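To start, the structure itself, in structure tokens.
The values are calculated or read from the model by the stated rules, or taken from the named source; none is laboratory data. The structure presented is a predicted model; accordingly, all values stated were derived computationally and were not measured. Reconstructed Cβ throughout: ideal geometry from the backbone, glycine too, with neighbour counts over all protein chains shown.
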Amino acid sequence: MSTKPVAFAETAIELKPSPIEPSWIIEGQPVARNSVIAKSADRTSCTIVWDCTAGKFNWIYDIDETVHVVEGAVTVDDGHSPPRRLEPGSVAFFPAGSRAVWTVDKYVRKVAFCRTVPPFPFGLAVAVYHALKQRIFSPNKGSLMQAG
């Protein structure tokens, strides 16, 4: 059976400028950088390393993003719950359609897994496919293939 290779990367890699949308900046002059370290074959998801210097800014999510802070800290305010401080080891999920105010006191570096959300009809078709596949082929989940 042919398999695909595993992609390995370090978080201490050279990052390229990735400016924050100027209209999103609330305070300071934050400088952001990033580097893509892996992409899915279908180009719907990727993993990046991102960092940013001090500043306060809005971030509007048009994709799903899961972040893992590896250095520094940031306070995130989504307007729905009290602001949360993310430090090394913290993980947070920002669904597409959400927005948050990021306050970086000095510096933050994160690894982010980003996923483009498929259009509703396509997403529904994929969900139905997976549900049917699980029902048909999973012997512990009431499979149609089980003797009964």
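Numbers at a glance
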| quantity | calculated |
| --- | --- |
| Identity of the residue in region 28-72, basic (Lys, Arg) and assigned to a strand (DSSP E or B), that ends up farthest from the chain's Cα centre (by Cα) | Lys56 |
| Out of Val91, Val49, Val31, Val76, sole residue that is of a type outside the set (S, T, N, Q), touching a His at 6+ places or on another chain (Cβ under 8 Å), surrounded by 11 or more Cβ atoms within 10 Å (Cβ to Cβ) and modelled with pLDDT of 95 or more | Val91 |
| Count of region 83-121 residues which are under 27 Å from Asp42 (Cβ atoms) and either among the aliphatic types (A, V, I, L, M) or touching a residue at least 40 places away in the same chain (Cβ under 8 Å) (or both) | 13 |
| Total residues in region 25-52, condition of a type in the set (Val, Ile, Thr) and within 21 Å of Glu10 (Cβ to Cβ) | 5 |
| Selection within region 73-106 - within 17 Å of Ile48 (Cα to Cα) and part of a strand (DSSP E or B) | Val91, Ala92, Phe93, Phe94 |
